[in-house]
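Written below as structure tokens is the structure these notes are about.
The values are calculated or read from the model by the stated rules, or taken from the named source; none is laboratory data. Just so it is clear, the structure is predicted and the values come from calculations on it, not from any experiment. Cβ atoms come from the backbone with ideal geometry, glycine included; neighbour counts cover every protein chain shown.
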Amino acid sequence: MDEETDGILQNRPAARDLDAIDRRILGVLVDDATISYAELGDRVGLSPPAAHERVKRLRRSGAIRNTVAIIDPRAVKKALLAFVHIDTRGWGKTPELMAVSQYPEVEEIHTVAGDTCMLLKIRTEDTRALEGLLARLYETPGVTSTRSYVVLSTYLERPVQPGITETWPTPKHMAEPLY
């Protein structure tokens with residue numbers, strides 16, 4: 001039975017802020033989620049059972065959503081990375097447009113603010129495969145145009161990081177307030 005359940009409260013533990021140890025645990029797990037609890041505890045200053053309990057709590061709270069393998073795109077013949085901006089008539093996120101999520105080449109779909117409606121992160125084998133995916137997008141009702149940005153080199157690609165920058169440097173041109 002398919003029902004809308006947005007209004008139903010979930011049985012989740014009450015949200016709590018992450019402390020410094022939680023953030024260190026997440027930082028270690030982002031680098032290597034297969035690490036033993038003994039090694040994790042050593043790295044963050046906890047006993048193995050305490051590290052295990054913290055990880056279980058982070059999973060229950062939803063801070064850790066999943067544990068996945070990060071695949072080398074070349075190993076699965078998806079060396080071409082592109083970002084595709086999609087312009088649509090009206091609201092961009094339609095069921096027809098969201099149907100492109102069925103293609104494994106579509107890694108991310110975002111609605112965005114700015115000069116486009118949606119942004120897709122795509123990995124394909126080559127430009128011919130990208131062209132095929134773009135043709136599929138143009139068949140989608142409401143799509144008016146796309147702009148594709150093919151990545152030449154990647155210097156940083158990483159999952160969400162647990163750290164937070166506490167203070168940002170002030171740009172020199174903003175060092176002295178005008179008023």
Looking only at segment 127-163, how many residues end up being under 23 Å from the mean Cα position of the chain (by Cα), loosely packed, with under 15 Cβ neighbours inside 10 Å and assigned to a loop (DSSP other than H, G, I, E, B)?
12
Restricting to segment 42-84, give me the number of residues that are without any contact (Cβ under 8 Å) to a residue 12 or more places away in the chain and touching a Ser or Thr at 6+ places or on another chain (Cβ under 8 Å).
0
Could you tell me which of the residues 116, 111, 146, 140 is at pLDDT 95 or above and among the hydroxyl-bearing types (Ser, Thr, Tyr)?
146
Note on segment 77-114: residues within 17 Å of residue 154 (Cβ to Cβ) and surrounded by 13 or more Cβ atoms within 10 Å (Cβ to Cβ) are 78, 79, 80, 81, 82, 83, 84, 105, 107
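I'd like to know if segment 115-126 contains one or more residues that are surrounded by 15 or more Cβ atoms within 10 Å (Cβ to Cβ) and among the hydroxyl-bearing types (Ser, Thr, Tyr).
The answer is yes; a qualifying residue exists.
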